[in-house]
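The values are calculated or read from the model by the stated rules, or taken from the named source; none is laboratory data. Owing to the predicted nature of the structure, the values given are computational and were not obtained by experimental measurement. Here the Cβ positions follow ideal geometry from the backbone for every residue, glycine too, while neighbour counts run over all protein chains shown.
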């Protein structure tokens with residue numbers, strides 16, 4: 001075990017806090033049958049080679065030894081080893097290192113790629129979390145290894161555990177959203193399997209995560225099946241057992257779609273959302289999508305909506321557009337009804353852009369006129385547009 005450990009010039013290699021003279025002993029301690037010794041060594045290794053989930057000069061040198069320990073029969077905290085390998089995989093895929101760290105990242109990438117034959121064995125591990133992280137490492141690593149894509153596809157096809165697949169699809173979608181796409185050879189099979197779940201009769205979070213994967217891997221476009229599915233979710237979220245956070249996750253997904261995809265979807269779905277909370281979130285979603293090209297930060301803090309247990313038929317347009325009130329309020333407070341003008345210095349450029357965009361959207365004109373008057377804005381379209389001319 002740990003062959004070649006003494007061939008590495010540890011004393012000349014940097015860790016997070018110095019040089020790596022102690023690393024060989026820490027790796028050897030992982031072979032100890034004493035759980036306390038193993039745990040102390042693991043904690044020390046985390047600090048030295050993976051502090052704050054980062055890559056250091058020493059990190060690439062420990063990869064082959066981590067992998068050797070992983071596939072051995074030695075009892076230890078194997079999940080901790082995989083977590084460190086997974087964090088390094090994400091880093092070399094997602095970050096653009098400074099010039100002085102480029103060699104470190106390249107060394108790490110080469111070490112991980114060299115370990116691929118052993119990483120493939122993790123797909124057959126008994127521990128589900130190790131299987132999941134092993135799958136994601138292999139899916140994210142850039143490689144031309146001939147066994148990777150067939151192994152990942154075969155692994156996916158064997159999965160029957162909806163909870164496991166839900167987590168796996170959620171992770172794939174998360175990284176795809178930030179530009180970390182899976183191995184291209186896997187994508188067609190991945191899309192095919194996700195679309196199979198979208199057509200299932202029994203609503204579940206697995207379908208939601210599958211929809212995310214399809215959208216992100218389809219170059220951020222609403223395909224026919226994902227559009228139909230997401231409309232069903234928004235119109236009747238209860239069978240999917242979605243909570244508030246999950247509804248917001250769907251809204252966040254839609255809000256990053258291109259405008260030509262996003263706005264027609266929202267306008268079509270707005271009148272038929274299921275419950276007041278859905279209406280409130282979709283209203284904010286509409287704002288997020290409309291103004292995403294103007295405002296860098298999409299997360300809004302609209303005025304709170306009381307939790308009202310009302311039936312679908314009783315939901316009003318005012319409920320749906322309630323998040324717009326915050327915008328109207330912030331702009332309207334500077335409006336002087338007598339002079340019909342505002343001081344340039346009093347109205348932020350961001351707010352002027354918001355109001356201009358808001359007035360170009362048809363849903364805004366469904367806001368009751370008394371709501372406009374309440375916030376000090378002209379209640380008819382013509383005067384409101386005149387008001388804009390002085391901005």
Mind checking which residues of the stretch 205-221 are modelled with pLDDT under 80 and in contact with a helix residue (DSSP H, G or I) (Cβ under 8 Å, 6 or more places away or on another chain)? 220, 221
Name the single residue, out of those in the stretch 174-193 being touching a residue at least 60 places away in the same chain (Cβ under 8 Å) and in a helix (DSSP H, G or I), that is surrounded by the fewest Cβ atoms within 10 Å (Cβ to Cβ). 177
Go through (1) in contact (Cβ under 8 Å) with a residue 24 or more places away in the chain; (2) over 23 Å from residue 8 (Cα atoms); (3) in a loop (DSSP other than H, G, I, E, B); (4) under 28 Å from the mean Cα position of the chain (by Cα) one by one and return the number of the condition residue 121 breaks. (3)
Against the definition (in a loop (DSSP other than H, G, I, E, B) and free of Cβ contacts under 8 Å to residues at least 60 places away in the same chain), how does residue 168 come out, yes or no? no
Over the stretch 127-150, the set of residues over 20 Å from residue 176 (Cβ atoms) and without any contact (Cβ under 8 Å) to a residue 40 or more places away in the chain is 128, 144, 145, 146, 147, 150
